[in-house]
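> One structure coming up, written as structure tokens, with questions to follow.
The values are calculated or read from the model by the stated rules, or taken from the named source; none is laboratory data. Keep in mind that what you see is a predicted model, and the values were worked out from it rather than measured. Backbone-built Cβ (ideal geometry, glycine too); neighbour counts: all protein chains shown. Only protein heavy atoms, including side chains, enter the accessible area calculation; ligands, DNA and RNA are left aside. Shrake-Rupley method; radii C 1.70, N 1.55, O 1.52, S 1.80 Å.
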Amino acid sequence: MDSIIVNGGKELSGVIPIAGAKNACLTLMPATLLSEEPLTLTNAPRLSDIKTMTQLLESLGAEVTSMQDGQVQAMSCHGAINHVAEYDIVRKMRASNLVLGPLLAREGQAVVSLPGGCAIGARPMDIHTNGLEAMGATIELKDGYLHAKAPMGGLKGAVIDFPFASVGATENIMMAATLAKGTTVINNAAREPEIVDLADCLRKMGAQIEGDGSPSITIQGVDRLHGATHPVVTDRIELGTYMLAPAIAGGEVELLGGRINLIEAFCEKLDTAGISVTETERGLKVARKNGRLSAVDVVTEPFPGFPTDLQAQMMALLCTAEGTSVLEEKIFENRFMHAPELIRMGANIEVNGGTATVHGVNRLKGAPVMATDLRASVSLILAGLAAEGETRVSRVYHLDRGYEQVVRKFSGVDAQIERIKDE
Ligand code: UD1
């Protein structure tokens, strides 16, 4: 296992290119199961989660070719499909559950292991399965696997009211509905940019979808989908993460490919905290306005609210802001595992259920800390940039799931950071 060593206290300057979105790519890739013709994704991020999805799709009978150092994923699923998604692959990543809808739609059956993923909460699949059952599927849980079957003649369109705007369930139902008989309406659908990106790609493949980006999505089923080429949308979470680097350490950094409309609620909080974000021709420029940062309160919500995937990184920023900030986590029940690690660096944080209260301190101090999940890991690197002395973040394999070339990107703006192999 590798560690990352950060030496803090240095102002940052330069540019950071932002990759294609991990979460978009992980839902675009299973869309290949819906068609016999090839689907090519450009601007794919180079991440271990994408390799895991590649492995999973290959195990189901797809051919996947990575080109241009992994930035292009060409997939084809013209032959026979295996409909069993095995535990050994699925356990590595919750997004593996995104093969369920496409397999049911194309093959009429799917056996999908219940997923693993980050240890940030229970993350059940009832919204996915209830939606598919409303479309006529029968689903049983046996030996840790969901056994799903479509009715004779295939899935049928249905009106589905989600109890919560689940991102994954919206994606699964949207994909399943593209090949169902009749019209499906998803009410209280998720509105994340990754949903719109998936809908754009499915439309290129011949699907009939309207309303994506709003709380009600309508999908008119078609007989078949064809091939397409699609660029993956910019990763708004990687963008927000790197925007926090100059906010935390000082200096000015330009994020190539960044757009405010991907991340508006987050930019508003940065503005209140005392950070300026300006649009440039190439992306976004971020710097501190002046003086010490101010505390801000944050509540995580489905898009267009403040993203849960930026909560840990925002907490790292608020550790050294003047005053008291309250962070409320409303999406996942166990997502403050970074707090005890930040406290080891001198932060003053109290966690009470889904609420963390951060009393700003003048300075953080470097310390050995441990990454507990993907976003928590990068929050510790950010905290390290602001800290006095050396921070050693261990268990960084979590980072490789969601941040490509993390050391190179931070070093490119003068951060003192290196990756070392542990003994
Ligand atoms: C996706 C993102 C993840 C992000 C999350 C919320 C991907 C690959 N991952 O995860 O990075 O943090 O959206 O923005 O895109 N829930 C249920 N039943 C279900 C489904 C979900 O109770 O059937 C609950 C979950 O336990 C969780 C909440 O709903 O508390 C959010 O889950 P969801 O929106 O489905 O997130 P994911 O799609 O898993």
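> With a ≥ b ≥ c the root eigenvalues of the C-alpha gyration tensor of the stretch 155-246, is it rounded (a/c under 1.5), prolate (a/b larger than b/c) or oblate?
oblate
> Against the longest principal axis of the chain, how steep is helix 374-386, in degrees 0 to 90 to the nearest 10, with axes from Cα atoms?
With rounding to tens, the tilt is 20 degrees.
> In addition: Of all the C-alpha pairs in the stretch 362-423, what % are more than 16 Å from each other?
Above the 16 Å cut-off, the stretch 362-423 has 42 percent of its Cα pairs.
> So if R0 is 45 Å, what FRET efficiency would N352 and A80 give, r being the distance between their Cβ atoms, rounded to the nearest 0.05?
The pair N352/A80 has a calculated efficiency of 0.25.
> Go from 0 up to the bin containing the longest alpha carbon distance in the stretch 1-78, width 5 Å each, and give me the % of pairs per bin.
3, 14, 23, 19, 12, 9, 7, 6, 4, 2, 1
> Using the heavy atoms of the protein chains and a 1.4 angstrom probe, tell me the accessible area per residue for the stretch 262-340 in square angstrom.
Heavy-atom SASA per residue in the stretch 262-340 reads 40 Å².
> Based on the alpha-carbon gyration tensor of the stretch 50-113 and its eigenvalue square roots a ≥ b ≥ c, which shape applies: rounded if a/c is under 1.5, prolate if not and a/b is larger than b/c, or oblate?
Oblate is the answer for the stretch 50-113, as a/c is 1.5 or above yet b/c matches or exceeds a/b.
> Then there is this: Between D422 and S66, take the C-beta separation as r, use R0 = 35 Å, and let me know the FRET efficiency to the nearest 0.05.
Given R0 = 35 Å and the Cβ-Cβ separation, E is 0.80.
> Let me ask something else. Taking the Cβ of K285 as the centre, find all other residues whose Cβ is under 11 Å away and add up their charges (Lys, Arg: +1; Asp, Glu: -1).
-3
> List every residue whose amide H lies under 5 Å from the amide H of A287, counting only residues 5 or more places away in sequence or on a different chain, with H placed 1.01 Å from N in the peptide plane.
Placed amide hydrogens put S276 under 5 Å from A287.
> While we're looking at this one, here's another question. For D297, D49, what's the largest-to-smallest order of accessible area, 1.4 Å probe?
D297, D49
> A follow-up question, please. Quick one: pull the percent of accessible area on the stretch 365-423 belonging to carbon and sulfur, 1.4 Å probe, ligands and nucleic acids left out.
Using a 1.4 Å probe with all protein chains present, the stretch 365-423 comes out at 47 percent carbon and sulfur.
> In square nanometres, what is one fourth of the surface area of the convex hull spanned by the alpha carbons of the stretch 26-153?
Hull-based average projected area comes out at 7.9 nm².
> What is the projected area of the convex hull of the Cα atoms of the chain, averaged over all directions, in nm²?
Its Cα hull, projected and averaged over all orientations, spans 18.8 nm².
> Taking all protein chains in place and a 1.4 Å probe, what share, in percent, of the accessible surface of the stretch 1-105 do carbon and sulfur account for?
Carbon and sulfur: 47 percent of the exposed surface of the stretch 1-105.
> Additional query: Rolling a 1.4 angstrom probe over the protein heavy atoms, how many square angstrom per residue are accessible across the stretch 1-116?
34 Å²
> How high is the FRET efficiency from E36 to Q405, r the C-beta distance, R0 35 Å, rounded to 0.05?
0.50
> Just the Cα atoms of the stretch 235-277, one point each, no solvent: what log10 I(q)/I(0) does Debye give at q = 0.22, 0.29, 0.32, 0.34 Å⁻¹?
-0.68, -1.20, -1.39, -1.47
> May I ask for the Rg/Rh ratio of the stretch 227-319, computed from Cα atoms with Rh as the Kirkwood radius, given to two decimals?
So for the stretch 227-319, dividing Rg by the Kirkwood Rh gives 0.99.
> Still on this structure, I have one more. So what J values fall out for the stretch 296-301 if you push phi through Karplus, 6.51 cos²θ - 1.76 cosθ + 1.60 with θ = phi - 60°, rounded to Hz, Gly and Pro as x?
9, 8, 9, 10, 7, 8
> Using a cut-off of under 18 Å, list every residue of the stretch 12-52 whose amide N is near the label point 7 Å from the Cα of E281 along the Cα-to-beta-carbon line.
Only 15-17 fall inside the zone, counting backbone N under 18 Å.
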